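A short worksheet on the structure shown next.
Quick note: the coordinates plus some simple rules give every number you see, no bench work behind them. Remember, predicted model here, so these are calculated numbers, not experimental data. Positions of Cβ are generated from backbone atoms using ideal geometry, with glycine treated the same way; all protein chains shown enter the neighbour counts.
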Amino acid sequence: MTAGTQQGRPVAAAPAIELKGISKSFGPVQANKDISIRVMPGTIHGIIGENGAGKSTLMSILFGFYKADAGEIFINGQKTAIPDSQSAIRAGIGMVFQHFKLVQNFTVLENVILGAEDGAFLRPSLAKARGILKQLAEEYELNVDPDARIDELSVGHQQRVEILKALYRQADILILDEPTGVLTPAEADHLFRILENLRAEGKTIILITHKLREIMHITDTVSVMRRGEMTSTVKTSDTNPEDLAERMVGRKVLLRVDKAPARPGKTILEVDNLKVVDSDGVERLKGISLNVKAGEILGIAGVSGNGQSQLLQVLGGIQHGTGTIRINGQEIDLTGQHSDGQSRRARGIAHVPEDRQHEGLIMEFTAWENTILGYHHDPAYQANRLLMNNAAIKDETRGKIERFDVRPPDPNLAAKNFSGGNQQKIVLAREIERDPDLLLVGQPTRGVDIGAIEFIHQQLIALRDAGKAILLVSVELEEILGLSDRIAVMFDGRIMGERLPENTDEKELGLLMAGVSGEAA
Amino acid sequence: MDFLTVLQVLDSTVRLATPLLLACLAGLFSERAGIFDIGLEGKMLAAAFMSAAIAAVSGSVWLGLLAGIGASLLLSAIHGLASITFRGNQLISGVAINFLAAGLTVVVAQDWFQQGGRTPSLIGGGRFAPIDLPLAKSLQDVPVLGPIYHDLISGHTILVYLAIALVPLSWWALFRTRFGLRLRAVGENPAAVDTAGVSVIGLRYAAVAICGVLCGIAGAYLATALQAGFVKDMTAGRGYIALAALIFAKWRPWYALSATLLFGFLQAIALRYQNIDLGGIVVPVQFMDALPYILTVVILAGFVGKAIPPRAGGEPYVKER
């Protein structure tokens, strides 16, 4: 089916996709401003930009999710109207969303044929899809068991199903939105091989990402978006990560974290044989032992869902567990009435949770209200026995906002109205300024812009240099490698091994993250 | 308990389970598409009234059935409009429909017939008549099998056979057709359906319409087959029991048949044995009458194992940005 479309392509290479003057506003927010772009057939074209730069909006317009306010779309040189997803599919466009659009309790086959069935009865459609899937699997290394249910598949395999869905609909143009966010390094490499195979077959691929490394690694051309505008399009071979970061942010950015060697002091946190069984009876932590000293950052690497969340939750007092945890040599209660966030804070543990919108902040509350969450019993915040001293709290918040460069600097703004990076700064300000002995940090820069990432990393290093212990959980390997003084890799509720950042690399960590232990760890 | 009594209880089980089964299948289609429907009760009630009223006036039970389905479809359309088009809260819309039906039926009945909120008793062609299956009479005297065939299997109205036939039909439609695949998908992950280029709204309206038709038949059955006319609140919570049965059945057609037969059986027992004497302790009639409802509470409290509802159930579909 691919051969036919290749021969049918016009001889003069018209762009596979050409957008002219696309604009789109949501109320007062202009998400896309007069965007023009040409994507040549048979290439991998990267689109890079910070959160909210308008990448996803642009692709949603291309896939018929939104209607552009102005502008034209040309597919293979033909002016094409794309009012809905059906027309996008007809025009040969397939999209792999960041959050997969799969039906969890359907099989792979059922998901593939959904919306592209032949006739009213399923049996012939399923049989046909089975044959085509087998063929695609051989052609592109896209192996998935067609009868497996989606919720039994790993994230990497689910993503393959999404690609198969697009190919089954005979897509010639494939758009992938942040495809590697949820993958292990090995899975990401496999994905890139698939993309290279697709390119070799003449397919056109648009890759949306904020990861500079991926852009450099696989794309032929890269376009940079900033604040709704397409600021530049360059050949990938003519640029480098620093240059791209500067084009994205609009100023020079320090990509590597600048830090002095750690000077570890006494042991602050000791964890011994920690186990957690969740409410479904699944053992999520299977005997974790680790320690963190004053003045050092222990990074926990791992693909999300391998127990890192549970580790943070037990340490933060949100979940119960068995085993021993000592803070400054004193054992803390893991199961009884003294096992909650409040008592952990009293012992000098501060917690920046992984999911800041659900656990770190109350989105409807204002910034100043959010800056005292969990510390609201502090006598300093009380006016008398009945009322809180709101004026004093707001004053304090103004200071925090200034020191942590929260924008806009308005303590009365609701948390939901700040960008991801500024929300994270509010949480960090609250936790760091309580002067904890141990800071638990989960995914500190998830959904945070490059500029704010730089600031947050500097704050964490400063806290370390002030002699505090930091336990950092992140799925971003670059972040782990950049910040940590020691790295522990988690897989399936266990620690697969510990490495020093200067003696390891992404490849070795990636193997550990996939459960392959190297030499005896 | 002799054989004949057992047969009679089972016979009435089938008759009492029929409206529950129809309503349960109605809910199944709606909820499988992601639209929770607490308004089964109200739709049945409206259909019961309209079918009885039209059958009484026209003398034709078939016209009555059509009118009942029409009334139920109208309420379905309101529910669809509120919860699909305007993305309102599905529970509130359902409750509103129940109130609307409970009040309107009585008021309109009083206005039309002046019989204290009832319809006139249905006679002759105004009711569904029992159907004698072939050879039922002549096989009646065959031991065991004869009475089973004559008393239990034969002698029900057409709607009973229809309801039972709808079980395999629903299963086939849901699990073997394109429509069923899309319907189940839209209740699990409407975004998957939307990105596949299929209309979420169209599918959900189709599901709600099927729900309306089935509720209409259920209501018409109550007023024109099980009873002979409409009386105030004659659904007596059957819509809610059907919802409980739906959870019990884990949103599957064949399980729905078993679940509603169980509830029908309990109602049949309550109807037949008013006071049960258990060696000194007399179980009062009120307890027996309450038994199906008690079981409903037990089931809803989750004592029947894990029942996973359709994942997108109850949530209006809004495209993500």
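Note on A:Lys416: lysines with a C-alpha under 16 Å away, same-chain residues under 8 apart excluded, are A:Lys425.
Rank these for me by crowding, A:His190, A:His217, going from fewest to most other beta carbons within 10 Å. Don't jump to the answer; show the numbers that get you there.
Values: A:His190 18, A:His217 13.
Sorted ascending by nearby Cβ count, the order is A:His217, A:His190.
DSSP bridge analysis restricted to the protein assembly as shown gives an antiparallel fraction near 55%, rounded to the nearest 5.
On full extension, the segment bounded by A:Asp333 and A:Glu72 gains 87.6 nm, given 0.36 nm per residue less the C-alpha separation.
With a Förster radius of 22 Å applied to the beta-carbon distance between A:Lys266 and A:Leu500, the computed FRET efficiency rounds to 0.65.
For region B:3-300, relative contact order (Cα pairs under 8 Å, six or more residues apart, normalised by length) works out to 35 percent. Couplings 3J(HN,Hα) of region B:266-282, computed from phi: 4, 5, 5, 4, 4, 6, 7, 9, 6, 10, 9, 9, 9, x, x, 8, 9 Hz, in residue order, whole Hz [Karplus 6.51 cos²θ - 1.76 cosθ + 1.60, θ = phi - 60°; x for Gly and Pro].
Work through the residues other than B:Leu183 whose Cβ is under 11 Å from its Cβ and net out their charges, Lys, Arg +1 and Asp, Glu -1. Result for the local shell: +3.
Based on the alpha-carbon gyration tensor of chain B and its eigenvalue square roots a ≥ b ≥ c, which shape applies: rounded if a/c is under 1.5, prolate if not and a/b is larger than b/c, or oblate? Please list the in-between numbers first.
Values: a/c = 1.63, a/b = 1.39, b/c = 1.17.
It is prolate, given that a/c is not under 1.5 and a/b is the larger ratio.
Based on the Cβ-Cβ distance of A:Leu255 and A:Leu413, what FRET efficiency does E = 1/(1 + (r/R0)^6) give at R0 = 30 Å, to the nearest 0.05? Write down the numbers at each step before the final one.
On the way: r = 31 Å, r/R0 = 1.02.
Between A:Leu255 and A:Leu413 the formula returns 0.45.
Rounded to the nearest Hz, the phi-derived 3J(HN,Hα) couplings of region A:259-270 under the Karplus curve 6.51 cos²θ - 1.76 cosθ + 1.60 (θ = phi - 60°) are 8, 7, x, 6, 10, x, x, 6, 6, 9, 10, 10, where x marks glycine and proline.
Counting alpha carbon pairs within less than 8 Å and at least 6 residues apart, what relative contact order, in whole percent, applies to chain A? Let's see the in-between values first.
Details: 1019 pairs, mean separation 74.8, N = 521.
Taking the mean separation of contacting Cα pairs over the length of chain A, I get 14 percent.
Using R0 = 30 Å, the C-beta based FRET efficiency linking B:Trp62 and B:Val6 works out to 0.30.
Between A:Asp238 and A:Asp189, the simple spin-label model (points 7 angstrom out along Cα→Cβ) gives 3.2 nm.
For A:Val224, A:Val441, what ranking results if the residue with the fewest other Cβ atoms within 10 Å of its Cβ goes first? Walk me through the intermediate numbers first.
Numbers: A:Val224 26, A:Val441 29.
Ordered by Cβ neighbours within 10 Å, fewest first: A:Val224, A:Val441.
For a straight C-alpha distance cut-off of 18 angstrom, the aspartates and glutamates reachable from A:Lys79 (same-chain residues fewer than eight places away being disregarded) are A:Glu18, A:Asp34, A:Asp69, A:Asp172.
Between the alpha-carbon centres of region B:127-201 and region A:475-521 there is a gap of 58 Å.
Using only the alpha-carbon atoms, how far is helix A:185-200 inclined from the longest principal axis of chain A? Give it as 0 to 90 degrees, nearest 10. The answer is roughly 20 degrees. In this rough spin-label picture, where each label sits 7 Å from Cα along the Cβ direction, the A:Ala148-A:Ser343 distance is 4.2 nm.
Sequence gap at least 6, Cα distance under 8 Å: using those rules, report the relative contact order of region A:290-373 to the nearest whole percent. It would help to have the intermediate numbers written out before the result.
Details: 56 pairs, mean separation 15.9, N = 84.
Relative CO of region A:290-373 lands at 19 percent.
To the nearest ten degrees, helix A:390-403 and the longest principal axis of the Cα atoms of chain A are 60 degrees apart. Between B:Ser121 and B:Phe287, the contour length at 0.36 nm per residue exceeds the Cα-Cα span by 56.8 nm.
Close amide H partners of A:Ile47, meaning residues 5 or more places away or on another chain with modelled amide H under 5 Å apart, are A:Leu207, A:Ile208, A:Thr209, A:Ser223. Between region B:16-66 and region A:361-422, the alpha-carbon centres lie 55 Å apart. Amide H contacts under 5 Å for A:Ala301: A:Ala488, A:Val489, A:Met490, restricted to partners 5 or more places along the chain or on a different chain, H placed in the peptide plane at 1.01 Å from N.
My understanding is that a pair violates if its Cα-Cα distance is over 22 Å; which of A:Lys259/A:Lys468; B:Lys43/B:Lys232; A:Lys20/A:Lys235; A:Lys266/A:Lys400; A:Lys211/B:Lys319 do that in this structure? Among A:Lys259/A:Lys468; B:Lys43/B:Lys232; A:Lys20/A:Lys235; A:Lys266/A:Lys400; A:Lys211/B:Lys319, the Cα-Cα distance tops 22 Å for A:Lys266/A:Lys400; A:Lys211/B:Lys319. Remark: A:Tyr168, A:Tyr375 ranked as A:Tyr375, A:Tyr168, counting other beta-carbon atoms within 10 Å and listing the fewest first. The Cβ shell under 15 Å around A:Gly307 holds other residues with a net charge of -1, Lys and Arg each +1, Asp and Glu each -1. Residue separation of B:Ala173 and B:Ile92 scaled by 0.36 nm, minus their Cα-Cα distance, works out to 26.2 nm of gained length. Distance between the pseudo-spin-label points of B:Gln110 and A:Glu141 (7 Å out from Cα toward the beta carbon): 7.7 nm. Each residue of region B:167-181 was assigned a 3J(HN,Hα) from its phi angle through the Karplus curve 6.51 cos²θ - 1.76 cosθ + 1.60 (θ = phi - 60°); the sequence is 5, x, 4, 5, 4, 5, 4, 6, 10, 10, 10, 4, 4, x, 4 Hz, with glycine and proline shown as x.
For every helix of n ≥ 4 consecutive DSSP H residues, a contribution of -39,500 (n - 2.57) applies; sum these over chain B, divide by its total residues, and give [θ] at 222 nm rounded to the nearest 500 deg cm²/dmol.
On the way: 12 runs with 202 residues, N = 321.
Counting only the DSSP helices, I get -21000 deg cm²/dmol.
Decide, for region B:102-187, between rounded, prolate and oblate: order the square roots of the alpha carbon gyration tensor eigenvalues as a ≥ b ≥ c, take rounded if a/c falls under 1.5, and otherwise choose prolate if a/b is larger than b/c, else oblate. Could the numbers behind the result be given before it?
On the way: a/c = 3.70, a/b = 1.07, b/c = 3.47.
Taking the square roots of the gyration eigenvalues as a ≥ b ≥ c, region B:102-187 is oblate.
Classified by the C-alpha gyration tensor, the protein assembly as shown has a prolate form. Its axis ratio a/c, with a ≥ b ≥ c, is 1.5 or above, and a/b is larger than b/c.
Annotation: amide H of A:Met388 within the under-5 Å range of A:Ala383, sequence separation 5 or more or interchain, hydrogens built in the peptide plane.
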